[in-house]
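> Provided herewith is a single structure, encoded as structure tokens, for subsequent inquiry.
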Amino acid sequence: MKVEQVLDNLKRRFPNEVEYHQAVTEVLESIEEVYNAHPEFEKQNLIERICIPDRIFSFRITWVDDKGNVQTNMGYRVQHNNAIGPYKGGLRFHASVNLSILKFLAFEQTFKNSLTTLPMGGGKGGSDFNPKGKSNAEIMRFCQAFMIELWRHIGPETDVPAGDIGVGGREVGYMYGMYKKLARENTGTLTGKSIEFGGSLIRPEATGYGNIYFLMNMLKRKGITDLKGQVVAISGSGNVATYTAEKVLELGGKVITLSDSNGYIYDADGIDAEKLKYVFELKNVYRGRIKEYADKYGCKYVEGGRPWAEKCTIALPSATQNELNGDDAAALVKNGCMAVSEGANMPSTPEAIEVFLKNKILYAPGKAANAGGVSVSGLEMTQNSIKLSWSKEEVDQKLKDIMAAIHESCVKYGTEADGYVNYVKGANIAGFMKVAKAMMAQGVI
Ligand code: NDP
């Protein structure tokens, strides 16, 4: 395989899908050597088969808003690869959603799920529906309309969606209700459900907590065992960001920033547990903006800005893709940041990643560091299958074990001659090899 040739080919066949090209480039560049050491892979054209999704569904969603107007949106499900288990991955509702973004997410998800040690393939879906400012009733009608189309393509052993940006417990509940009605079964298809109807304890917390467990595994190699004295910059203020902040506080760290798509807050005194409780309410009950935090606590708010120029020792991007560029990365390194661990998917641009690796700081890519969410989704599927619920402690311990195992795989495949662990390379090779071996064993299909 020649990376450039494969990429040129994909760009020609799927033009303008920039996020998809970006995600594929990163993986191909880091697996090239390992791939070429296995000529049997090339003989079966494994590389194209692993880059191009198995199938994609796209559909129109029609729903009625509170004023009685008929609205349309586009809906998608990308079933990327099911070599190691049923397709699994979240649904994103955001105005920016398009096929390039969902293809990048589904591609990444395949390798992430492979890393988790659980039997899950990769998929992703969503809609360009913008949930901001919508009433509860509108959200419900939209979720129901979305599921009227999607339900026939999913199932407990086929494809199990979950949440992502704009899709939390409320949306999963509405979608599961409609799925159940149409499919006439109650097997738990969709994870991230409420605890009363098959959800798992620790699922809402899992991505954020998992990211910190991964971070602690990285820090342990440097002899650091808690976060006392660490100054932590976090972006986003949704599900991942808030539970990340909660775990940072528990381990003694100081959280100084949070953000949303309008801007960021900088709280020099630190966002403590009480202030964080307000953020949870602000986001989940009032569905307000992060600016309201600055109004309430009198701290700095930067409209339209990103938090990476603020001095910190640890950065945890937890909002969205490409939210941290080369200049941001240079500012972080210059200010003494020693670790970056990604809660979001592909938040760092290729230029930013280059800065982190060149300066040999600890850098954990999302497909390793944020795999805790899908891991506990996998545990939710297991609990649904055996019709039992595990305790909080049990799920949390399993999550810790999985994050430690993912870290171990990254160290195994990513350690360089001088001892520096290139977690990008480690995660990509470990994730790829398992899927590749499964595909080879299952023949050309
Ligand atoms: P939420 O919808 O709960 O929160 C998203 C946060 O990111 C919000 O604060 C949102 O601000 C902000 N945001 C979204 N888009 C942009 C943008 N274009 N520019 C700046 N800020 C933006 O989503 P999650 O917390 O669930 O997801 C965050 C990230 O984590 C995503 O990359 C997701 O793919 C990833 N992830 C999520 C998992 C999960 O279990 N939920 C699992 C693994 C990864 P605003 O309210 O203004 O839109």
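> Could you pull out the chymotrypsin sites (Phe, Trp or Tyr not before Pro) across the range 38-141 that fall in loop regions by DSSP (anything but H, G, I, E, B) with no more than 14 other Cβ atoms inside 10 Å?
Values: sites: PHE41, PHE57, PHE59, TRP63, TYR76, TYR87, PHE93, PHE104, PHE107, PHE111, PHE129; in loops: PHE129.
Here no chymotrypsin sites (Phe, Trp or Tyr not before Pro) fit, given the DSSP loop and packing criteria.
> Follow-up. Of all DSSP beta bridges in the chain, what percent run antiparallel (nearest 5)?
On the way: 27 of 46 bridges.
The antiparallel proportion sits near 60 percent.
> Once a ≥ b ≥ c are taken as the square roots of the eigenvalues of the Cα gyration tensor of the range 365-445, is the result rounded (a/c under 1.5), prolate (a/b larger than b/c) or oblate (a/b not larger than b/c)? The partial results should precede the final answer.
On the way: a/c = 3.16, a/b = 1.35, b/c = 2.34.
Here the range 365-445 falls in the oblate category.
> Kindly identify the range 249-307 as rounded, prolate or oblate by the Cα gyration tensor criterion: order the square roots of the eigenvalues as a ≥ b ≥ c, call it rounded if a/c is under 1.5, otherwise compare a/b with b/c, prolate if a/b is larger, else oblate.
On the way: a/c = 1.74, a/b = 1.17, b/c = 1.48.
It comes out oblate by the Cα gyration axes.
> Considering only C-alpha atoms, what is the centroid distance from the range 357-407 to the range 260-334, in Å?
The distance from the Cα centre of the range 357-407 to that of the range 260-334 comes to 25 Å.
> Still on this structure, please answer the following. Which trypsin sites (Lys or Arg not before Pro) in the range 56-117 pass both tests, a DSSP loop state and at most 12 other beta-carbon atoms within 10 Å? Mind showing how you got there, number by number?
Working: sites: ARG60, LYS67, ARG77, LYS88, ARG92, LYS103, LYS112; in loops: LYS67.
Answer in residue order: LYS67.
> With a bin width of 10 angstrom, please list the P(r) values of the chain as percents of all Cα-Cα pairs, from the 0 bin to the one holding the largest distance.
4, 22, 33, 27, 12, 2, 0
> Arranged from highest to lowest average of other beta-carbon atoms within 10 Å per residue, in what order do the peptides 358-369, 250-261 appear?
My ranking of the peptides, most packed first, is 358-369, 250-261.
> Let me ask something else about it. Counting helices only, and only those DSSP H runs with n ≥ 4, report the 222 nm mean residue ellipticity of the chain as the sum of -39,500 (n - 2.57) divided by its residues, in deg cm²/dmol to the nearest 500. The partial results should precede the final answer.
Values: 17 runs with 216 residues, N = 445.
After summing the helix terms and dividing by residue count, I get -15500 deg cm²/dmol.
> What fraction of the DSSP beta bridges in the range 206-360 is antiparallel, stated in percent and rounded to the nearest 5?
Details: 8 of 17 bridges.
The antiparallel proportion sits near 45 percent.
> Right, next: Take every Cα pair under 8 Å in the range 3-186 that's 6+ residues apart, average their separations, divide by the length, and report that relative contact order as a whole percent. Show your work: numbers first, answer last.
Working: 310 pairs, mean separation 39.8, N = 184.
For the range 3-186, the relative contact order is 22 percent.
> Applying a 10 Å radius around every beta-carbon, put 310-318, 190-198 in order of their mean neighbour count, most first. Before the final figure, lay out the partial values.
Working: 310-318: 25.3, 190-198: 19.1.
Result, highest mean first: 310-318, 190-198.
> Would you mind putting 19-26, 113-120 in packing order, based on average other-beta-carbon counts within 10 Å, highest first? List each step's numbers first, then the result.
Values: 19-26: 21.2, 113-120: 23.8.
Result, highest mean Cβ count within 10 Å first: 113-120, 19-26.
> Grab every C-alpha pair in the range 10-65, bin the distances at 5 angstrom width from 0 up to the longest one, and report whole percents.
4, 14, 20, 21, 15, 10, 6, 4, 3, 2, 1, 0
> Where does the charge balance sit around ILE445 when Lys and Arg score +1, Asp and Glu -1, over other residues with C-beta under 11 Å from its C-beta? Please report the intermediate quantities before stating the final value.
Details: positive: ARG49; negative: ASP54.
Around ILE445, the surrounding residues sum to 0.
> Semi-axes of the equivalent ellipsoid of the range 206-360: what are they in whole Å, largest first, if each equals the square root of 5 times a C-alpha gyration tensor eigenvalue? Before the final figure, lay out each step's value.
On the way: eigenvalues 103, 63, 38 Å².
Whole-Å semi-axes of the equivalent ellipsoid: 23, 18, 14.
> Would you mind computing, in nm to one decimal, how far apart the modelled labels at ARG55 and ASN130 are, each placed 7 Å from Cα along Cα→Cβ?
3.3 nm
> Springs between alpha-carbon pairs under 10 angstrom, Gaussian network model over the chain: which of THR244, THR187, THR225 fluctuates most?
THR225
> Next question, about the same structure. Antiparallel as a % of all DSSP beta bridges within the range 3-186, to the nearest 5? Mind dumping the intermediate values first?
On the way: 18 of 25 bridges.
DSSP beta bridges in the range 3-186 are roughly 70 percent antiparallel.
> Give me the one-decimal nm value for the distance between modelled label points at ASN98 and VAL411, 7 Å along each residue's Cα-to-Cβ direction.
4.2 nm
Read-outs: derived from the displayed coordinates by stated rules, not from any lab. In this text, all values refer to a predicted model and were calculated from it rather than measured experimentally. For neighbour counting, all protein chains shown are included, and Cβ atoms are generated from backbone atoms with ideal geometry for every residue, glycine included.
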